[in-house]
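Here the structure is laid out as structure tokens; the discussion comes afterwards.
The values are calculated or read from the model by the stated rules, or taken from the named source; none is laboratory data. This is a predicted model, so every value here is computed, not measured. Neighbour counts run over all protein chains shown; Cβ positions are idealised from the backbone, glycine included. These accessible areas exclude ligands, DNA and RNA; they are computed on the full protein's heavy atoms, side chains included. Shrake-Rupley method; radii C 1.70, N 1.55, O 1.52, S 1.80 Å.
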Amino acid sequence: MCIDIHLHLRQLIQIQIHLDIQQKVGMSQVEELYPIALLMDELRHDDVASRVQAMKRLDTIAIALGPQRTREELIPFLEDIIPEDEDEVIAIAAEELGKFVSLVGGQMYAPLLIPVLEKISACEEPIVREKAIASLNSIAAVLSSDQITQYFIPLINRLAKERWFSLHIAATGLFKSIIARVSSQERLVLLKLYNDLIHDDSPMVRKASAKELPQLIDILNEMVINDGNGNGSEDSSIWPTVLEMYQTIVNDNQDSVKFLSVDILISILKVINSHKTQNDGDNKNINTDTDTDNGTDKDIELLFQSLISLIDDPSWRVRYMVADRIVSLIENFNDEKLTLKLVPYILSLMKDNEAEVRKAISSNIPGFSKLIDSADGQHTIVLNDVIPLVSQLTLDESENVRSALANQITGLAPILGKEMTTEKLLPLLVEMLKDEYSDVRLNIISNLEIVNEVIGIELLSDSLMPAITALANDKLWRVRLAIIEQIPLLAEQLGLSFFDESLGQLCMEWLWDPVYTIRNAAVKNLSKLTKLFGEDWCRDEIINKLIEKSQTKEFHNFICRLTCLQTFDELIHVVSPDIIRDYIYKFIVDLADDKVPNIRFNVAKSLLDISKALPESKEDICHILERMTEDDDPDVRYFANQSLQEL
């Protein structure tokens with residue numbers, strides 16, 4: 001009863017809206033504007049899904065109303081209803097409002113969108129807040145300098161100085177859109193305000209400000225580069241403030257904040273490098289103490305010491321970030337002496353007691369090894385210090401660490417050279433090919449080409465083939481399956497001649513495996529190899545051998561016949577009509593009268609595929625299928641009828 005009353009009331013509201021439209025416009029326009037009125041009504045609908053759909057069509061309403069009515073009616077209406085709505089609805093509204101600048105009349109009226117988005121940015125739901133911030137930043141991009149000073153800077157001030165942490169978080173995301181477009185004095189004031197957010201009592205605010213700081217530094221650096229030598233006076237105020245922010249974050253007592261300092265450090269190092277490049281060694285713009293090179297060297301040393309403290313941090317999340325960014329850190333310090341000083345700390349990360357840290361550093365082994373080897377005049381550190389720890393990581397208890405290592409370990413080959421790769425690296429690869437975790441084996445096989453380029457295919461195949469062959473004949477069928485699935489990739493790495501010699505026979509032997517899953521995988525494997533090596537190879541190495549198999553006693557076994565049939569059926573899709581006509585068609589037709597029903601109904605399915613490849617044989621195939629529809633076995637009759645219907 002309540003539902004009926006509610007529906008009746010909604011109908012009355014819609015009728016009233018319709019009457020209002022008739023009073024305001026001519027009858028010819030009623031049909032055009034009536035749907036818009038209903039859409040406006042949907043924005044107040046009790047059903048959340050209806051309001052979401054209505055919000056997605058806000059631009060339709062705005063276009064229909066025109067810029068003036070959008071400014072005077074729609075925006076105040078939204079400002080009234082949105083803040084109290086569900087998060088899902090508010091998120092859509094926040095995203096749509098970012099596209100409203102042209103709909104309210106252009107740049108002149110863009111500030112009218114700020115108040116409603118300011119209310120939305122106060123939402124504690126991160127997704128809603130992020131969409132509001134993104135829309136505010138897109139609006140800021142079209143504002144004039146005067147509008148930024150009059151509307152946007154006060155907005156940031158209000159958000160940053162309110163009591164609620166969610167407003168402070170929103171403020172941190174708005175600096176980047178205007179920091180390079182304001183005057184020097186305003187920029188320094190904004191940076192001081194940002195520094196206050198870095199020191200905020202709430203860890204969530206400090207985390208948000210630390211997360212945004214690298215992008216802010218990059219923007220400031222780009223601004224200085226574009227200005228030529230920049231404003232020395234302004235630079236001397238900006239960079240000490242940035243360094244102070246960094247030191248505050250490095251010393252934060254929350255690891256969720258501190259670990260973000262790694263990306264900030266990289267951005268600061270990029271600033272130093274760009275100033276070095278631009279000023280030919282004159283680093284006075286980034287010197288915090290003096291206008292001499294020694295001042296910059298002191299800054300570099302302090303930054304390096306802060307990196308060491310991060311590597312030694314008790315929190316694994318902080319150490320993980322360093323391990324994950326280690327290559328970028330070394331490159332941006334851009335100092336061979338510091339690279340060598342960092343070696344013991346990199347080795348400690350490789351021995352870290354947290355698996356995630358070991359995984360991260362394993363993913364960067366070739367990168368940092370190359371940089372270390374470049375800095376090491378004697379070229380012994382990688383061989384004597386890094387490789388022994390790599391050997392330990394190949395046996396790591398964590399499969400994720402071993403998988404990450406397997407994905408990168410082959411990258412050491414160009415660094416070690418042919419002799420040391422053969423002596424030190426190949427034994428590790430052989431052991432990892434025996435790993436019980438399939439991703440480890442896959443990652444090794446996927447990257448063998450790098451080793452091949454260093455030592456040559458003969459050495460590579462001589463070393464790895466015994467291990468691959470042993471795995472191919474493993475008593476556990478899942479191990480055999482893992483090797484089969486990786487054979488196409490290995491074939492691509494080895495090339496046709498080495499594949500035929502080493503693995504070609506294995507691929508055929510898998511067809512007769514006692515486990516159905518292996519036989520099925522072997523059939524699909526041969527199809528992939530045909531795509532790789534071509535149909536001539538397929539004819540010589542697969543089709544002819546299967547036809548020869550049909551002349552042996554083993555063909556009396558129905559599993560052998562069924563496997564041959566399934567192989568030919570799979571090959572139909574990857575060979576030319578000539579191959580099908582000359583070899584496959586006759587073989588399959590001969591099995592149409594097989595004594596085993598399973599084979600006969602598979603023939604019925606295969607004939608359908610053949611008819612698509614050989615349209616000229618369609619009539620003969622239809623005759624065979626019609627005969628099979630009278631088969632004694634119901635399954636054979638079913639599949640024969642099904643193939644006939646599709647024909």
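Residue by residue, here is whether (1) on the phi < 0 side of the Ramachandran plot; (2) out of contact with any Phe, Trp or Tyr (no Cβ under 7 Å at 6 or more places or on another chain); (3) buried (at least 17 other Cβ atoms within 10 Å of the Cβ) holds:
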site	(1), (2), (3)
Ile63	yes, yes, no
Gln68	yes, yes, no
Arg71	yes, no, yes
Pro76	yes, yes, no
Glu84	yes, yes, no
Glu88	yes, yes, no
Ala93	yes, yes, yes
Leu97	yes, yes, yes
Phe100	yes, yes, yes
Of the conditions (1) open to solvent by 40 Å² or more (accessible area, probe 1.4 Å); (2) under 19 Å from Asn332 (Cα atoms); (3) modelled with pLDDT under 75, Phe259 clears all except one; give me its number.
(3)
One residue from Leu213, Leu193 being of a type outside the set (Lys, Arg), over 31 Å from the mean Cα position of the chain (by Cα), surrounded by 15 or more Cβ atoms within 10 Å (Cβ to Cβ) and at pLDDT 90 or above:
Leu193
Could you tell me how many of the residues in the range 224-239 are open to solvent by 40 Å² or more (accessible area, probe 1.4 Å), assigned to a helix (DSSP H, G or I) and either over 17 Å from Gln185 (Cβ atoms) or at pLDDT 75 or above (or both)?
2
What pairs come up if the first residue lies in the range 89-114 and is under 18 Å from Leu174 (Cα atoms), the second is hydrophobic (A, V, I, L, M, F, W, C) and open to solvent by 30 Å² or more (accessible area, probe 1.4 Å), and their beta carbons are under 9 Å apart, counting only those six or more places apart or on different chains?
Ala91/Ile127; Ala94/Ala134; Glu95/Ala134; Gly98/Ala134; Val101/Val142; Ala110/Val142
Which one of the conditions (1) closer than 29 Å to Arg51 by Cα; (2) of a type in the set (A, V, I, L, M); (3) not in a helix (DSSP H, G or I) does Val182 fail to meet, given that it meets all the rest?
(1)
Modelled with pLDDT of 95 or more and either out of contact with any Gly (no Cβ under 6 Å at 6 or more places or on another chain) or not in a helix (DSSP H, G or I) (or both), is that true of Ile268?
no
Give the residues of the range 106-134 that are polar (S, T, N, Q) and open to solvent by 10 Å² or more (accessible area, probe 1.4 Å), sorted by residue number.
Gln107
Condition first: part of a helix (DSSP H, G or I) and within 24 Å of Thr149 (Cβ to Cβ). Can you find one or more residues in the range 55-64 that meet it?
no
Members of the range 546-559 that are within 44 Å of the chain's Cα centre (by Cα) and at pLDDT below 90
none
Top-ranked residue in the range 312-323 [being assigned to a helix (DSSP H, G or I) and surrounded by fewer than 21 Cβ atoms within 10 Å (Cβ to Cβ); ranked as nearest to the chain's Cα centre (by Cα)]
Arg317
Can you tell me which residue within the range 387-430, out of those that are open to solvent by 40 Å² or more (accessible area, probe 1.4 Å) and polar (S, T, N, Q), is farthest from Leu490 (Cα to Cα)?
Gln392
Out of the helices (runs of 4 or more DSSP H) lying entirely within the range 476-594, which hold 1 or more residues that are within 18 Å of Asp609 (Cβ to Cβ) and open to solvent by 30 Å² or more (accessible area, probe 1.4 Å)?
516-533, 535-538, 558-571, 585-590
Quick check: anything in the range 138-147 within 18 Å of Leu167 (Cα to Cα) and either in a loop (DSSP other than H, G, I, E, B) or of a type in the set (D, E, K, R) (or both)?
no
Scanning the range 424-451 residue by residue, those closer than 12 Å to Ile409 by Cβ and among the hydroxyl-bearing types (Ser, Thr, Tyr) turn out to be Ser446
Among the candidates Glu554, Glu541, Glu535, single out the residue that is in contact with a Gly (Cβ under 8 Å, 6 or more places away or on another chain) and charged (D, E, K, R).
Glu541
Within the range 135-158, work out how many residues are within 33 Å of the chain's Cα centre (by Cα), touching a residue at least 40 places away in the same chain (Cβ under 8 Å) and open to solvent by less than 20 Å² (accessible area, probe 1.4 Å).
3
Is there a residue in the range 606-617 that is charged (D, E, K, R), touching a Ser or Thr at 6+ places or on another chain (Cβ under 6 Å) and over 21 Å from Gly504 (Cβ atoms)?
no
